[in-house]
């Protein structure tokens, strides 16, 4: 059952993310489906519908994440948390290698795998966006 999120809260989440998925960083204008509001900690796990628990997510990231909070890191074979855009910094956990997104940490690797960042279609889309200078979004680049 869809949750009713107040328009003011939806607007805050969208503006805070500058229209970009807070996981893979693709902008709303560059995908055919509308971005969605993600409960970072799913409601089924007690997550609340409050600013601190909401992120803007593209359809692919949000549907792949579902209610997951953790996964098994491919390198350490240990349990690791998924990336939390409210408490963690993207560049601490991920790096771009051409059109691919790589995990730098267990959290990054688990998120890359579970959210399926590097499927052929998503990599091809990012490659085209890079050629058009639309990816990565400038507001998410690390400070120089």
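The values are calculated or read from the model by the stated rules, or taken from the named source; none is laboratory data. Since the model is a prediction, treat every value here as computed from it, not as a measurement. Neighbour counts are summed over all protein chains in view; Cβ atoms, including those assigned to glycine, are modelled from backbone coordinates with ideal geometry.
Laid out as a table, the results:
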{"read-out": "Odd one out for residue 110 among (1) touching a residue at least 40 places away in the same chain (Cβ under 8 Å); (2) over 21 Å from residue 29 (Cα atoms); (3) surrounded by fewer than 17 Cβ atoms within 10 Å (Cβ to Cβ)", "value": "(3)"}
{"read-out": "Residue that is nearest to the chain's Cα centre (by Cα) [pool: residues in region 6-27 that are more than 16 Å from residue 86 (Cβ to Cβ) and free of Cβ contacts under 8 Å to residues at least 24 places away in the same chain]", "value": "11"}
{"read-out": "Filtered residues of region 1-25 (kept if assigned to a loop (DSSP other than H, G, I, E, B) and either surrounded by fewer than 17 Cβ atoms within 10 Å (Cβ to Cβ) or in contact with a helix residue (DSSP H, G or I) (Cβ under 7 Å, 6 or more places away or on another chain) (or both))", "value": "1, 2, 3, 4, 5, 6, 18, 19, 21, 23, 24, 25"}
{"read-out": "Residue 85 being buried (at least 17 other Cβ atoms within 10 Å of the Cβ) and touching a residue at least 40 places away in the same chain (Cβ under 8 Å)", "value": "yes"}
{"read-out": "Residue that is modelled with the lowest pLDDT, among those in region 119-139 that are surrounded by fewer than 17 Cβ atoms within 10 Å (Cβ to Cβ) and either in contact with a strand residue (DSSP E or B) (Cβ under 8 Å, 6 or more places away or on another chain) or under 20 Å from residue 54 (Cα atoms) (or both)", "value": "139"}
